Amino acid sequence: MKILKTLLAVMLLTMGTLTASAQEVEYSFKPHAFLNLQGGAQYTLTDAKFKDLLSPNVQAGIGYQFSPVVGVRLAASGWQSKGGFDEPTNLSYKFNYVAGNIDLMFNLTNLFFGWKPQRFLNVTALVGGGGNFAWKNDEAIALQNQTGRLTNIWEGTQKRTTARAGLQFDFRLSDCVGFLLEGNANTVSDYYNSKQSGNADWYFNALAGFRINLGKSYTTKTIAAPEPEPVYVEPVVQPEPVVVQLEPEPVIVRVEPLRRDIFFLRNKTDIRESEASKVQDIANYLNQYPEAKVNIVGYADAGTGNDKINDRLASRRADAVVKALIEQYGISADRISYDSKGARVQPFEENDMNRVTICIAE
């Protein structure tokens, strides 16, 4: 069980990482109905060889997705169940059943990694309950007449309550269709397989099939293409007035720090032609004042992407300015310090202005 939990956590983390990216289109979740059609096999837990307890199983369901995380499904499954003995000789028998369940569904991928409408894999946990109707127990009745070993034998049609839990793996094929793999465990009363064991009976379903969304599952809004030019005020460098005394004194000139904010496009780390003059301003300042140094800090906006992507963007934006100063203008590396803050620090109130590298020379 511990290994299964670890594998599930790794899969969820991988899918969340692979699908996280900055968006050019704004998506909005839309509640919608869906249809499940599945088929597979059932294994009934009892005393017989594994292969002798496998039987066919089908399931159909209709549901509604209220939010990216929570949904509900009304499902009907059935075909055959089996029972049997492995001693003194291997005996098995089959009977028919159909079960109706109401399942609550929780999308674990969206819960832990955020909703992404075009994610390839979503993992959903389900829990529910309902009723089980079993009939045609003729093989078990005949076996009871021969051996007398089935102490909980039943005839006709039996009605029992059920409870179930399971996992569903939804592989996206298109906006409307997904390929499903589902496993669920179901428990019913001790009388289900006509054998008395002193505890509840269990059967397990392994199913494959399709999920069909009935209607749109999201809406989109295209973000305006033109990138707004940032508005900023450059600091004005004003020298101190010259102080003249009776005796000649050296002119005292205080050099003010120079700040330049170099802005980048969404998801870009290259310095645009319109911003290149700011890098040259920093280089001219450092050449004019040989003792001056520059501190460079890269940022990313918090409105798009995630921390992993934004940390990389902020670091590369700072690196781009450092590289330009060294390679294009011959500034010594020991006069440059640099850092990156990702999207954890937002120097400006307007989201788009935080795609920036801030340079302060002094």
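The values are calculated or read from the model by the stated rules, or taken from the named source; none is laboratory data. Bear in mind the structure is a predicted one, so any value in this text is a computation, not a measurement. FYI the Cβ positions are ideal-geometry reconstructions off the backbone, even for glycines, and counts take in every protein chain you see. The area values use the complete protein model at the heavy-atom level, side chains included, leaving out ligands, DNA and RNA. Shrake-Rupley method; radii C 1.70, N 1.55, O 1.52, S 1.80 Å.
Below are the figures for this structure:
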quantity	calculated
Ranked order, Thr44, Thr147 - accessible area, probe 1.4 Å, largest first	Thr147, Thr44
Nearest-10 value in Å² for the accessible area of Arg260, using the 1.4 Å probe	20
Stretch gain in nm, segment Glu87-Asn152, where the contour uses 0.36 nm per residue and the Cα spacing is subtracted	21.6 nm
Solvent-accessible surface ranking, highest first, for Asp47, Asp311 at 1.4 angstrom	Asp47, Asp311
Against the rule of thumb 2.2 N^0.38 Å, how large the Cα Rg of the stretch 94-159 comes out	1.90
DSSP beta bridges in the chain [antiparallel fraction, %, rounded to 5]	95
Overall form of the stretch 70-216 per C-alpha gyration tensor (a/c, 1.5; a/b vs b/c)	prolate
Inter-label distance, nm, simple model (7 Å from Cα along the C-beta direction), Trp202/Leu111	2.1
Kyte-Doolittle at least 0.0, axis length at least 15 Å by Cα - qualifying DSSP helices, the chain	2-18
Structure-based [θ]222 nm, the chain - -39500 (n - 2.57) summed over DSSP H runs of at least 4, per residue, nearest 500	-6000 deg cm²/dmol
Candidate residues Tyr192, Tyr43: accessible-area rank, largest first, probe 1.4 Å	Tyr43, Tyr192
Per-residue SASA entry for Trp135, accessible area with 1.4 Å probe, Å² rounded to 10	100
Under 24 Å from Lys341, Cα to Cα: lysines that are on another chain or at least 8 residues apart	Lys268, Lys278, Lys293, Lys308, Lys323
Cβ-defined net charge surrounding Leu54, 11 Å radius [Lys, Arg +1; Asp, Glu -1]	+3
Accessible area (Å², per residue) of the chain, counting only protein heavy atoms and a probe of 1.4 Å	55
Against the rule of thumb 2.2 N^0.38 Å, how large the Cα Rg of the stretch 26-125 comes out	1.47
Computed accessible area, Asp281, all protein chains, 1.4 angstrom probe, square angstrom	50
Computed label-point distance, nm, for sites Ala142 and Arg272 using a 7 Å Cα→Cβ extension	8.1
Diffusion constant of the stretch 261-362 at 37 °C, which comes from Stokes-Einstein with the Kirkwood Cα-pair radius and 0.692 mPa s, µm²/s	243
Full-stretch length increase - Val70, Lys51 - with 0.36 nm per residue and alpha-carbon distance subtracted	3.2 nm
Given (i) 0.96; (ii) 1.30; (iii) 0.98, the label whose value is Rg/Rh (Cα atoms, Kirkwood Rh) derived from this model	(ii)
Where labels lie 7 Å past Cα in the beta-carbon direction, separation of Ala165 and Ile102 in nm	2.0
